[in-house]
Amino acid sequence: MQTMMDKIQYNLYCTPIGRKYQNRLLKQAAEKYPNGHRQGKTDVYDGLNITIVPYGYDNYGYVVQSAQDDVHCVLIDVGYLPPFKKLLEKNKWKPVAALTTHHHWDHAGGNDELKKLYPEIDMIGGAAEKSRGFTKTANDAEGFEYNGIYIKVHDFKAHTKGHVIYQISHLENDPAAQNFLFTGDSMFVGCIGRAFENSEKEMIKALDRLIEKYSPESFVYPGHEYGIEALAMAVQMDPLNEEVFAAFKQAKNCKRSGDPDIPSTLQKELNTNVFLKTKELTNQGDDDARAMKLVELRKERDVFLKNAHLNMVKAEDSHYLKLKAIEEAQKKTKAPETGGAQKTANTEKADAAEAEAETLEVNGTKMSDE
């Protein structure tokens, strides 16, 4: 739910003025992270290779190739051309198509330059989306094939009115084939995109439709790296959920190592992404109730991000403190042991997390907006 000022700023962002602003941010990020905000890598699957292209402060684009063709490739969300250009030239790859999930400049800002470099490339976007140099547009369920790469378009008209998700496989219409969903700004690890051009109720419908359509084993490749903050908030909301806490720890470890915390899967997101739990959080409420819950969760996330680093420490602290409380309650039911109290692992972890939180509160440490 946007304020009037939010709408004015958003409309301005979608203009050429917004494009200049976004380009400046992308260039600043490239100076700060010359090799990308995370390490690029290639995931090798049965029939497909997917190269992750980090750019900006947290964006991801992709290069997809058939395992049978080491020359031609399909690009996804070329928001900033330099890292894609570097990869293509280094590996002597020839892009035959560029897929754009939506019109925002951080996902489509490199399209014009890309087309100049490769005049024969197909530039593809959703039929209802604002064109960013598209030479082909696609409706829901429409498909394309490029050198053994099978692409199907899935409408997700919530973040923008023409946002699409690309489902990619190496086999056409084969239920046994692995599915890869390139979700743009519809779904991330641990959270979802804002409903900029549609309502939260439409977002609920779009999410339900996505979850119903695709296998839980489908891989999710999102447009941004937001996992660590999103999952920290989920831990604070449900401190004893071990699966959520494990996902948070994985995101934290990836942050430390510089590795991308992707891909995820639909099943993992169903289990750990609080924005996909509106039915549970509203006791099976209707779409209106679930939409209001999305609004509440978004407000909570905005507040959480204002002091993200401290809140992430507090999230880990809350998990160990809950376990500590359970252990202490269990001790009270047992006979006292001789030899003095021994600290358990959870007690020590909780104490360490508390100390770290206190230090951060005193120093006022904040996480950057990356």
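The values are calculated or read from the model by the stated rules, or taken from the named source; none is laboratory data. All values derive from a computational prediction rather than experimental measurement. Neighbour counts run over all protein chains shown; Cβ positions are idealised from the backbone, glycine included. Remember, those area values only see protein heavy atoms, side chains included, never the ligands or the DNA or RNA. Shrake-Rupley method; radii C 1.70, N 1.55, O 1.52, S 1.80 Å.
Descriptive notes on the structure:
- Percent antiparallel among DSSP beta bridges (both partners in the chain, rounded to 5): 70 percent
- Value of relative contact order over the stretch 151-271, rounded to a whole percent, pairs C-alpha under 8 Å and six or more apart: 25 percent
- Residue among PHE180, ILE149, ALA30 farthest towards the positive dipole end of the chain, charges placed on Cβ: ALA30
- Excluding exposed DSSP-loop trypsin sites (Lys or Arg not before Pro) (at most 15 other C-beta within 10 Å), longest clean stretch of the chain: 93-305
- The mean sequence separation of alpha-carbon pairs under 8 Å and at least six residues apart, normalised by the residue count of the chain, gives a relative contact order of 11 percent.
- Sparsely packed GluC sites (Glu not before Pro) within the stretch 90-134, loop by DSSP, other Cβ within 10 Å at most 14: GLU120
- Residues of the stretch 48-83 with amide N under 17 Å of the 7 Å Cα→Cβ point at LYS27: 56-57, 79-83
- In a fully extended conformation the segment linking VAL71 and LYS213 would gain 47.9 nm over its present Cα-Cα distance, using 0.36 nm per residue.
- Gyration tensor verdict on the stretch 1-93 (Cα atoms; rounded if a/c is under 1.5, prolate if a/b is larger than b/c, oblate otherwise): prolate
- Under the shape rule built on the C-alpha gyration tensor, where the axes satisfy a ≥ b ≥ c, the stretch 63-148 is oblate, since a/c reaches at least 1.5 while a/b does not exceed b/c.
- When restricted to Cα atoms, the chain yields an Rg and a Dmax of 22.1, 80 Å, respectively.
- Cα centroid separation - the stretch 200-239 against the stretch 108-170, whole Å: 22 Å
- Solvent exposure of the chain, expressed per residue, is 47 Å² of accessible area, with all protein chains present and a 1.4 angstrom probe.
- Signed unit charges on C-beta, dipole axis of the chain, positive-most listed residue ILE124, LEU87, ALA67: LEU87
- Whole-percent carbon and sulfur share, accessible surface of the stretch 196-237, 1.4 Å: 51 percent
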